[in-house]
1. Taking just the alpha-carbon atoms of the chain, what radius of gyration and Dmax come out, in angstrom?
2. Sort H45, H166, H126, H188 by accessible area with a 1.4 Å probe, largest first.
3. So for region 1-148: antiparallel DSSP bridges make up what percent, rounded to the nearest 5?
4. Go ahead and estimate [θ] at 222 nm for the chain from helices alone: -39,500 (n - 2.57) per DSSP H run with n ≥ 4, summed, over the residue count, rounded to 500.
5. Which whole-Hz ³J(HN,Hα) couplings does region 137-150 yield from phi under the Karplus relation 6.51 cos²θ - 1.76 cosθ + 1.60, θ = phi - 60°, glycine and proline marked x?
6. I'd like the accessible area for D22: 1.4 Å probe, protein heavy atoms, all chains in place, Å² to the nearest 10.
7. Once ligands and nucleic acids are excluded and a 1.4 Å probe is used, how much of K32 is accessible, expressed in Å² to the nearest 10?
8. Share of Cα-Cα pairs in region 139-211 beyond 15 Å, in percent?
Amino acid sequence: MLQKNFKKFLQTRLGTSLPGQDAQRIMAPLPKNGKPNKTHYEPSHDDFRNSSVLIPFIAWKPELEILLTLRTQSINHGGQLSFPGGGKEGDETIEETALREAQEEIGLHTGQVEIIGQLTPLYVGHSDNMVTPVIAFLKEEQSFTPNPNEVDEIITIPVNDLITEHNLVEEEWDLRGTPYRVPFWNIHRVPLWGATAMMMSELVELYREFVNR
């Protein structure tokens, strides 16, 4: 019942004004000097690459879960938790890109997927990508097969774990020679941080709205 109610909530809510960058920035790494580099999240040109990721909700379990992948060390952002996704090819729509990439990365059965809508795009300056998160509910139980060229591990996280404050941690990290205060979710042996956490943050804000209605 929770899955169906949240899906209906999102179907309506995604058509209205979203929490957007305010929610994304809750999980944005911040330089210790307190002056964020806007070029990380705001493009200075129009030649960026359009990409998308799929946020797959596992809807067949008693508790609603979200699927994430652990990227192989040999690719961009290797060793980090992420959503399945990648760059747009040809005349693909954002949704088609997200589904194709998820099929390639985890063996997703796209015929069992219900696209719900999109979250706020996030510009990732280090890779010059404008990434649009696409929310989907996986309607029927299926197994997944990680593509060893891209994915080391497939995990699922209960959504309720993301609104539990003790799972939210902030530490000082050295990123490219600069000290940063980095918020992350401590939900796996690898922290959930960076661009994926920023996109997840907007979704978490919407989930909070849903449970607090």
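The values are calculated or read from the model by the stated rules, or taken from the named source; none is laboratory data. Computed from a predicted model, the values in this text were never measured in an experiment. What goes into the accessible areas is simple: the full protein's heavy atoms, side chains included, and nothing from ligands, DNA or RNA. Shrake-Rupley method; radii C 1.70, N 1.55, O 1.52, S 1.80 Å.
1. Answer for the chain, Rg first and Dmax second: 16.5, 48 Å.
2. Working: H45 65, H166 145, H126 105, H188 35 Å².
In descending accessible area the options line up as H166, H126, H45, H188.
3. Details: 15 of 25 bridges.
Here the antiparallel bridges make up roughly 60 percent for region 1-148.
4. Details: 5 runs with 52 residues, N = 213.
Helix contribution divided over all residues of the chain: -7500 deg cm²/dmol.
5. Along region 137-150, the couplings run 10, 8, 6, 10, 4, 8, 9, 10, 10, x, 6, x, 6, 10 Hz.
6. For D22, solvent-accessible area is about 120 Å².
7. About 100 Å², ignoring ligands and nucleic acids.
8. On the way: 1733 of 2628 pairs.
Tail of the P(r) past 15 Å holds 66 percent of the pairs.
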